[in-house]
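Here's the structure we're looking at; comments come further down.
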Amino acid sequence: MLLHLIADYGMGDLAFAEVRQRLGMLLPDAAVVVTSVGPFDTLGAGFCIGQLALNDGPQDMVLYANIAPRRDEEDPRRDNAGERLVAARLPSGVLVVAPNAGYTFSFLRDEAEELREVEVPESGSQFRSRDLFPDVVARLARGDVGPLGPPLPNGAVPAFPERVVAYTDGYGNLKTTWTELPAPPGTRVGIAVGDQRGFAVVSDGAFEVPVGETSFAPGSSGWRRRSGGSAAFLELFRRGSSAAAMFGHPPAGTPVEVVG
């Protein structure tokens, strides 16, 4: 079994080690792969979930994510309560389990066969992803449907925002939620990412620009849609350098606009 652990603890943080240790006890045969996103970054997490869950992988693959800003209620939270845990099952058989926070499930909203609440205490520990959730993740991964509750109501998962930064990779490439070229290939356009401005060449391929130039082109992220066709997300790529540095290291959710 391949188990993806996606969280906002920070790469190398003790929290990752503690959760992996718990999962290793409950699912000793699982190979655990860790992916880190920024603090409270549900959009980046949702994008990573989509990229991993909706592309080719083992049929018994499980994605367990925990990004829970506890912003579903503004009032003080009693006993560390937080967002409800939800399970998604995809047509491929892949299982995704995560708190329904922000945009975590937004890229799966139209792709999953089902989205259901999971019967697990929503309070009782400040570190729910270590103390409360792994037990039920392990049960679901082994095929036990006992913890599954009712389907999520319509509107419980928001659509992901369009034309924004979704994720920044280790090379400084800005992966966006743009899905269509804004101009014919070869056109040099002005780009605004938040309040930072620059220029990029619209391209069919990221490397179709010289060193030192920035392209705005379909990148390496995307997947086949359940309804047919595919989604290919554009990214800002600065050859030989970092598009993220060029545009001031924008967080996920920052608008990306083509300007005059």
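The values are calculated or read from the model by the stated rules, or taken from the named source; none is laboratory data. Fair warning: this is a prediction, and the values are worked out from it, not measured in the lab. Here Cβ is always computed from backbone atoms with ideal geometry, including for glycine, and neighbour counts include all displayed protein chains.
Residue-by-condition table, conditions (1) in a loop (DSSP other than H, G, I, E, B); (2) farther than 20 Å from Pro91 by Cα:
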position: Ala217; (1), (2): no, yes
position: Gly222; (1), (2): no, no
position: Gly228; (1), (2): yes, no
position: Phe233; (1), (2): no, yes
position: Leu236; (1), (2): no, yes
position: Gly240; (1), (2): yes, yes
position: Ala245; (1), (2): no, yes
position: Gly248; (1), (2): yes, yes
position: Ala252; (1), (2): yes, yes
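Of the conditions (1) in contact with a strand residue (DSSP E or B) (Cβ under 7 Å, 6 or more places away or on another chain); (2) surrounded by 14 or more Cβ atoms within 10 Å (Cβ to Cβ), Pro161 clears all except one; give me its number.
Status for Pro161: all satisfied but (1).
Starting from segment 143-161, take each residue that is in the same structural domain as Ser106 (by TED's automatic domain parsing) and closer than 24 Å to Pro251 by Cα and list its partners that are surrounded by fewer than 13 Cβ atoms within 10 Å (Cβ to Cβ) and among the small types (Gly, Ala, Ser), counting only C-beta distances under 8 angstrom and pairs at least six apart or across chains.
none
Criterion first (among the aromatic types (Phe, Trp, Tyr) and assigned to a loop (DSSP other than H, G, I, E, B)) does Phe160 satisfy it?
In short, yes.
Can you pull out every residue in segment 136-155 that is within 28 Å of Leu23 (Cα to Cα), of a type outside the set (Val, Ile, Thr) and exposed (fewer than 15 other Cβ atoms within 10 Å of the Cβ)?
Residues satisfying the conditions are Arg142, Gly143, Asp144, Gly146, Gly149, Pro150, Pro151.
Could you run through segment 93-108 and say how many residues are buried (at least 18 other Cβ atoms within 10 Å of the Cβ) and assigned to a loop (DSSP other than H, G, I, E, B)? Lay out the reasoning, then the answer.
Taking segment 93-108 as the starting set, the residues that turn out to be buried (at least 18 other Cβ atoms within 10 Å of the Cβ) are 94-108.
Keeping just the survivors that are assigned to a loop (DSSP other than H, G, I, E, B) gives 94, 100-108.
Going through segment 93-108 one residue at a time, the tally reaches 10.
Could you say whether any residue in segment 179-188 is touching a strand residue (DSSP E or B) at 6+ places or on another chain (Cβ under 6 Å) and crowded, with 20+ Cβ neighbours inside 10 Å?
no
Considering only segment 41-66, how many residues are small (Gly, Ala, Ser) and either modelled with pLDDT under 95 or surrounded by fewer than 16 Cβ atoms within 10 Å (Cβ to Cβ) (or both)?
As a first pass, look at segment 41-66 and keep what is small (Gly, Ala, Ser): 44-46, 50, 53, 57, 65.
Now drop any that are not either modelled with pLDDT under 95 or surrounded by fewer than 16 Cβ atoms within 10 Å (Cβ to Cβ) (or both), which leaves 57.
So the count comes out to 1.
Give the residue that is surrounded by the fewest Cβ atoms within 10 Å (Cβ to Cβ), with candidates limited to residues of segment 1-40 that are among the charged types (D, E, K, R) and touching a helix residue (DSSP H, G or I) at 6+ places or on another chain (Cβ under 9 Å).
Here the residue is Glu18.
If you scan segment 199-215, which residues turn out to be part of a loop (DSSP other than H, G, I, E, B) and closer than 30 Å to Asp110 by Cβ?
Matches in segment 199-215: Ser203, Asp204, Gly205, Ala206.
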